[in-house]
Amino acid sequence: DRGLMVPDKSKKIYPEKEITRAEVADILYRLIPNKKAVTVTDPGFIDVPAGHPSYEAIAYLTQAGVFAKAQKFNPDASLQRIQLAKVITSALNLKAKGNSFAFKDVPVNYWGYPFVQAVATNGLMVGESNKKFDLYRHVTRAQFAAVSVRAGKLN
């Protein structure tokens, strides 16, 4: 048990439910071994005040460069596949390896191309049967868990 998903009070995990940005931050933060003893600075998100339940995770991961600084974090928004590719790649310092994948919806000049290539060539995420990565589809809790488990098997 790696503590990926925390059940609610009724002991349910809801694998089909879309995972939120705050939930992803909490899970990634729990998975980081030996967190550096650093003083976490306020990331400055107007929608994640110091009292927010995910504040420490979001602040730490933003300081580490996993999440980008912006005016808002949108903690309750569902995570999209391109966002998952970016945060997993950033959290693991993952680089693409071997042959690249051609996805119809991910041109080489797209900002997220390196992230998509990193997760695809390392076997963490795959495209759809229509040869698309489906960049903006929301990620379920089960899908996030599967990617996290695959990431844990790298190296």
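To the nearest 20 debye, what is the magnitude of the charge dipole of the range 27-91 about its Cα centre, counting +1 on the Cβ of each Lys and Arg and -1 on the Cβ of each Asp and Glu?
Working: 7 positive and 4 negative charges, 54 e Å.
That gives a dipole near 260 debye.
With +1 on each Lys and Arg Cβ and -1 on each Asp and Glu Cβ, how big is the dipole of the chain about its Cα centre, in debye rounded to the nearest 20?
So the dipole magnitude of the chain works out to roughly 440 debye.
Given an 8 Å cut-off on Cα distances and at least 6 residues of separation, report the relative contact order of the chain as a percent. Mind showing how you got there, number by number?
On the way: 197 pairs, mean separation 39.8, N = 155.
Over the chain, the number comes to 26 percent.
So for 137, 30, what's the accessible-area order with a 1.4 Å probe, most first? Mind showing how you got there, number by number?
Working: 137 75, 30 105 Å².
Descending order: 30, 137.
Which whole-percent values make up P(r) of the range 33-108 when all C-alpha to C-alpha distances are grouped in 10 Å steps starting at zero?
16, 43, 27, 13, 1
Please give the calculated 222 nm ellipticity per residue for the chain, where each DSSP H segment of at least 4 residues contributes -39500 (n - 2.57) and the sum is spread over every residue; nearest 500 deg cm²/dmol?
On the way: 5 runs with 53 residues, N = 155.
When only DSSP H runs of four or more count, the value is -10000 deg cm²/dmol.
Could you please state how large a percent of the accessible area of the chain is carbon and sulfur, counting protein chains only and using a 1.4 Å probe? Can you show the working numbers first?
Working: 4830 of 9030 Å².
Answer for the chain: carbon and sulfur cover 54 percent of the accessible area.
For the range 90-142, just say rounded, prolate or oblate: build the C-alpha gyration tensor, square-root its eigenvalues into a ≥ b ≥ c, call rounded for a/c under 1.5, and beyond that prolate if a/b exceeds b/c, oblate if not.
In terms of gyration-tensor shape, rounded.
Under a 1.4 Å probe, what is the accessible area of the chain per residue, stated in Å²? Before the final figure, lay out each step's value.
Details: 9030 Å² over 155 residues.
I get 58 Å² per residue for the chain.
With a 1.4 Å probe and every protein chain left in place, tell me how much accessible area residue 115 has, in Å² to the nearest 10.
For residue 115, solvent-accessible area is about 40 Å².
The values are calculated or read from the model by the stated rules, or taken from the named source; none is laboratory data. On a predicted model such as this, the values are computed, not experimentally measured, just so you know. Glycine also receives a Cβ, built like all others from the backbone with ideal geometry; neighbour counts cover every protein chain displayed. Heads up: the accessible areas ignore ligands, DNA and RNA and are worked out on the full protein's heavy atoms, side chains in. Shrake-Rupley method; radii C 1.70, N 1.55, O 1.52, S 1.80 Å.
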